[in-house]
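The values are calculated or read from the model by the stated rules, or taken from the named source; none is laboratory data. Remember, predicted model here, so these are calculated numbers, not experimental data. Glycine also receives a Cβ, built like all others from the backbone with ideal geometry; neighbour counts cover every protein chain displayed. Ligands, DNA and RNA are excluded from the accessible area calculation, which covers all protein heavy atoms including side chains. Shrake-Rupley method; radii C 1.70, N 1.55, O 1.52, S 1.80 Å.
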Amino acid sequence: MRPHVMLSVAVSIDGYIDDASPDRLLLSNAADFDRVDALRADSDAILIGAETLRRDNPRLLVNSMDRRLHRVAAGKPDYPVRVIVTAGGDLDPELRLWHCGGERLVYTTDSGAARLGDRLDGLAKVVSLGAAIDFGALLDDLGQRGMARLMVEGGGSIHTGFLSAGLADEIWMAVAPVVVGDPAAPRFLGPALFPGGPQHRMQLADVGRVGDIALLRYLPKEDSDVG
């Protein structure tokens, strides 16, 4: 079975996930970062795209020791599997993600795998999905590896790919009280043909507050009741 897919994103009021500067724009506050850490701890795998990996150089770890111990007590590894998606295979083996935490998977294309060659030997398992990135095939492979819950942390093209293919089961969106207003900055979603188009209303499952951040949980595959 394919894993349950959760998209996790922090956005500005005007829908941006970052600004256009070289430094990462921190939209979340400390409490929200801790909330994301808890979501990671409940996941079997965490996925990002190569562009996010290159731009932010994240580690994608579960930072709380208590949460890691709870995972181990439940028979799981300390950390979820970290998953990178790259069509072209442009990955730097010196980035932090390859040198900390547990298992790492790279999903790419035939041409991307050829470009990678042996650069990630001993650092990650490289899986080719064929001529193009197929998110359905990716989920099939993760399911065969026993992954039941997948947390997708971006970036925009990755979120767009999962949502437009009808593969997202839920969206956790943290809305920060800032406005970016720069057309050169990355957004949560890009243009695509989404299931149902603008006539499809997702179900709003939860609304919360984390300090000055609004927290929204949507179920993309379910229709909301608008009376």
> Among the strands (runs of 3 or more DSSP E) contained in the range 22-124, which hold 1 or more residues that are open to solvent by 20 Å² or more (accessible area, probe 1.4 Å) and of a type outside the set (S, T, N, Q)?
Replying inline: 104-108
>> Would you confirm whether or not the range 7-27 contains a residue that is basic (Lys, Arg) and under 25 Å from residue 169 (Cβ atoms)?
In response: no
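Table: residues versus (1) under 17 Å from residue 38 (Cα atoms); (2) touching a Leu at 6+ places or on another chain (Cβ under 8 Å).
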site	(1), (2)
62	yes, no
66	yes, no
69	yes, no
73	yes, no
84	no, yes
88	no, no
95	no, yes
113	no, no
118	no, no
> Here is a list of conditions, (1) under 15 Å from residue 218 (Cα atoms); (2) among the aliphatic types (A, V, I, L, M); (3) over 15 Å from the mean Cα position of the chain (by Cα), and residue 180 meets all of them except one; can you say which number that is?
Replying inline: (1)
> Mind checking which pairs have a first residue in the range 196-214 that is in contact (Cβ under 8 Å) with a residue 40 or more places away in the chain and a second that is part of a strand (DSSP E or B), Cβ under 8 Å, 6 or more apart or different chains?
Replying inline: 210/174; 213/10; 213/174; 213/175; 214/174; 214/175; 214/207; 214/208
> If you go through the range 200-223, how many residues are over 20 Å from the mean Cα position of the chain (by Cα) and modelled with pLDDT under 95?
Replying inline: 2
> Do any residues in the range 102-121 that are within 18 Å of residue 49 (Cα to Cα) have Cβ atoms under 6 Å from those of residues that are part of a helix (DSSP H, G or I), where the two are at least six apart or on different chains, and which pairs are they?
Replying inline: 107/138
>> With the requirement that a residue be touching an Asp or Glu at 6+ places or on another chain (Cβ under 7 Å) and loosely packed, with under 13 Cβ neighbours inside 10 Å, what does the range 180-199 give you?
In response: 181
>> On the basis of being farther than 26 Å from residue 125 by Cα, in contact (Cβ under 8 Å) with a residue 12 or more places away in the chain, in contact with a helix residue (DSSP H, G or I) (Cβ under 8 Å, 6 or more places away or on another chain) and not charged (D, E, K, R), does residue 10 make the cut?
In response: yes
> So which residues in the range 143-165 are within 20 Å of residue 218 (Cβ to Cβ) and open to solvent by 30 Å² or more (accessible area, probe 1.4 Å)?
Replying inline: 149, 153, 157, 164, 165
>> When the residues of the range 125-136 are narrowed to those that are open to solvent by 40 Å² or more (accessible area, probe 1.4 Å) and assigned to a loop (DSSP other than H, G, I, E, B), which ends up nearest to residue 147 (Cα to Cα)?
In response: 134
> When you scan the range 1-14, how many residues do you find that are in a loop (DSSP other than H, G, I, E, B) and open to solvent by 20 Å² or more (accessible area, probe 1.4 Å)?
Replying inline: 4
